[in-house]
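Any read-out appearing in this document is the output of simple, stated calculations on the displayed coordinates, not a laboratory observation. Bear in mind the structure is a predicted one, so any value in this text is a computation, not a measurement. Neighbour counts are summed over all protein chains in view; Cβ atoms, including those assigned to glycine, are modelled from backbone coordinates with ideal geometry.
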Amino acid sequence: MFQGKSFAKVDLMTAEAQRTIYAGRSEFLFEVVRPINNRVKHFASNIQVRTHLYKDVDRSLAKKRFDRISLKFPELDWPSLTKEKFIVVTFGSLAMAENMPLNFAQKLIDTFSHSPSKVIWQTNSDPASLLWNRNVTIPKNVVLTRWAPIKEMLAHPNLQYLICHGGINTINELLLFGVPWIGVYLQ
């Protein structure tokens, strides 16, 4: 294992035996059932008992956060999200929508067009540069944005659910905020 130009021959059993502890950033309860070495310790990422970011917050701090997000992400129309339900779509920081096949993008957009809620899709690409965007009509309820304030959106009381690929960071944040989600396998 690990043999190649940049790795010396590594004996996995020896390397593992030399370690006192392995730290994991995932929540143990949500790990797959498998044998785990007793030196593996799960520190439960950032999960803690916490209220929503919009409850029990000093009004002046909430106003500053609201204004900052509104200025930084004008395409989201943050003020409208205080009045309407919305859905967030993100496939992680590495999955670039610009590499998505046209037929898959079309199916997603068609599905989103039937939603009564606003759909905010974090594409990780400039929406204007998406080649498939030129061939797909974006419905009025769908907003394409290069980046979105995911944690603030997960804490938002009007978020219905999140559609994602199931990356560890997103899953940890979903667990933290108690948001329902739909997983889409991308590989």
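Remark: C-alpha extents of the stretch 59-183 on the principal axes read 45, 28, 26 Å, sorted largest to smallest.
Length gained on full extension, Val32 to Asp11, computed as 0.36 nm times the residue gap minus the Cα-Cα distance: 5.1 nm. Taking 22 Å as the straight-line reach from the Cα of Lys118, the lysines in range (excluding those fewer than 8 positions away in the same chain) are Lys72, Lys83, Lys85, Lys107, Lys140, Lys151.
For the peptides 118-130, 87-99, 70-82, the ranking by mean Cβ contacts within 10 Å, running from highest to lowest, is 118-130, 87-99, 70-82.
Pick out, in residue order, every one of the chymotrypsin sites (Phe, Trp or Tyr not before Pro) in the stretch 122-167 that is DSSP loop and has at most 14 other C-beta atoms within 10 Å; say none if there are none.
Values: sites: Trp132, Trp147, Tyr161; in loops: Trp147.
Passing both the DSSP loop test and the Cβ count: Trp147.
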